[in-house]
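Here is the structure we will look at, set down as C-alpha cells.
Just so it is clear, none of the values below were taken in a lab; they were calculated from the coordinates. Worth saying up front: this structure is predicted, and the values here are computed from it rather than measured. Cβ atoms come from the backbone with ideal geometry, glycine included; neighbour counts cover every protein chain shown.
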Number of protein chains: 2
Amino acid sequence: MQGVETFLESKSIRVTAMRILIYNFLSDKDVAVTLSDIENAFDKADRTTLYRTIKTFEDKEIVHQIDDGTGVTKYALCEPNCHCDLETDLHLHFHCTECGATICLTDHKIPKIKVPKGFVAEHVNLVVKGTCDKCNCD
Amino acid sequence: MQGVETFLESKSIRVTAMRILIYNFLSDKDVAVTLSDIENAFDKADRTTLYRTIKTFEDKEIVHQIDDGTGVTKYALCEPNCHCDLETDLHLHFHCTECGATICLTDHKIPKIKVPKGFVAEHVNLVVKGTCDKCNCD
DNA sequence: TATATCCATGCAATGGAAGTGCATTAATCG
DNA sequence: CGATTAATGCACTTCCATTGCATGGATATA
Ligand SMILES: [Mn+2]
Ligand SMILES: [Mn+2]
Ligand SMILES: [Zn+2]
Ligand SMILES: [Zn+2]
C-alpha cells in the first residue's frame, strides 16, 4: 500500500509514521475498533497521540465513529468518497453480543425514518444487536 | 396516582418510599432522564441507591435504558404492558442537539431491518438526532 | 410478639474512558 | 538553514458506571 501517503496528503493532513501505521491497522480490520484496541496494537505510542490521531481522521472524514451501545466508542474507515452524509453515506451497524464485534454494513443504508411534525432529523444512529455470521456457524 | 404502589407490587419488588418517589419523578417527565437528573432531584438520597433503583426498574421492565449517543445513559418509563420486545415495544428515540432533550417516540416502532445472511437480529437501537418541535418554534 | 432472614440503603472506593494544558520534538516552508 | 506550524508525549482531570461491605428497615415465620 504505497497509496496511503498520497491519500493522507489528499486529506490535507501531515503524513507521519504514526498516521500511516494507524491507517493501515484500521484497513486491515474488518471490524470497528476501540481506542484501546489501537492502544494495545501500539504499545510504544502514547494514548493521547492515538486519541488525537483518530480524532483528526474523524475530522477529515477518514474514519467514522460508531456508538454501538457498549459504552466505548468504536471507529472504522469510511468508504471512498464518504462525507458521512445522512442520505448517501450513513449505514447500519451490527453489534454481535457474543463475540463483541461491531461491523459496518455499508450496503445497508439507513432507511427513511419518519419523525413527528415539528421535528427535524439531521442524523441517525441505527445499531442492530444480535449474533453475527461467524458466531452463528458454531 | 395511588396506583403506583400496587403497580410496583405487581412487579414483585418491595415498595419503598424512594421507589415511589423515583417512579413518580419519571412519570412526571415527558423526556428521558439521566442518573444525574434524578440525583439533582433527590439531594438527600445516595447516588448508589438511585442507581440501583433504576437498575431494578430496568430488570423488572418498568423503565428502559436509552443510549442517545451523548455518552450518558438515559431512562424513561416503559409503556403499559411493555416487555421491551423488538417487534412490539421497541421504538424510535429522538435526541435534540439544541436543548439536549431525548424523547421516546413510542408511536414510531422500529421498522423491519434487513440484515445479511447468517446474521440474527435480536435488538435494535434507533436514534434520530436533530431539533425537536419546541426548539423549532423559536 | 420475638426473632431470623432478606433486601434496600448509604458510604467508600474503584475502574474505565474521554478529554485538556503544556512542554518537547518533528515536519514544512521560505 | 532558520522560522513557523503541527504532531507527539506526559501529567493531570473529569465524568460516569459499578462494586464491596456495613447497616438499617421491612417481611416472614415461629
Ligand atoms: Mn460504519
Ligand atoms: Mn423510549
Ligand atoms: Zn459474533
Ligand atoms: Zn430541543
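Taking chain B as the reference, fit the longest principal axis to its C-alpha atoms, fit the long axis of helix B:47-59 to the helix C-alpha atoms, and give the angle between the two in degrees, 0 to 90, nearest 10. So the helix axis and the longest Cα principal axis differ by about 60 degrees. Per residue, the convex hull spanned by the Cα atoms of chain B measures out at 143 cubic angstrom. In this simple spin-label model, placing a label point 7 Å from the Cα along the Cα-to-Cβ direction at both B:M18 and A:K29 gives a separation of 3.9 nm. Inter-copy label distances for A:T88: 4.3 nm (label point placed 7 Å from Cα along Cα→Cβ; shortest first). Can you pull out the trypsin sites (Lys or Arg not before Pro) in region A:91-138 whose DSSP state is coil and whose Cβ has at most 15 other Cβ atoms within 10 Å? Listed in order of number, the matching sites are A:K112, A:K114, A:K117. The ellipsoid equivalent to the alpha-carbon distribution of the protein assembly as shown has semi-axes of 38, 20, 20 angstrom, derived from the gyration tensor eigenvalues as √(5λ) and listed largest first. Each label was represented as a point 7 Å from its Cα along the Cα-to-Cβ direction; for A:K55 and B:E9 these points are 5.5 nm apart. What separates the B:A17 label point from its copies, with the point 7 Å along Cα to Cβ, is 6.5 nm, written shortest first. Computed from Cα positions, the angle between helix B:17-28 and the longest principal axis of chain B comes to roughly 40 degrees. Inter-chain Cβ neighbour count for B:29-41, averaged per residue, equals 0 (cutoff 10 Å, partner chain atoms only). By other beta-carbon atoms within 10 Å, ranking B:H91, A:H83 with the fewest at the front produces A:H83, B:H91. Computed about the Cα centre, the dipole magnitude for the protein assembly as shown is approximately 140 debye when only Lys and Arg (+1) and Asp and Glu (-1) carry charge, each at its Cβ.
Applying the criteria of a DSSP loop state and at most 13 other Cβ atoms within 10 Å to the trypsin sites (Lys or Arg not before Pro) of region A:20-53 yields A:K44.
Annotation: extensible slack from A:V72 through A:E87 equals 2.8 nm (criterion: 0.36 nm per residue apart, minus Cα-Cα distance). Placing a label point 7 Å from Cα along the Cα-to-Cβ axis, B:H123 is separated from the same position in the other copies by 2.3 nm, shortest listed first. Applying a DSSP loop filter and a limit of 11 other Cβ atoms within 10 Å to the GluC sites (Glu not before Pro) in region A:1-95 leaves A:E87.
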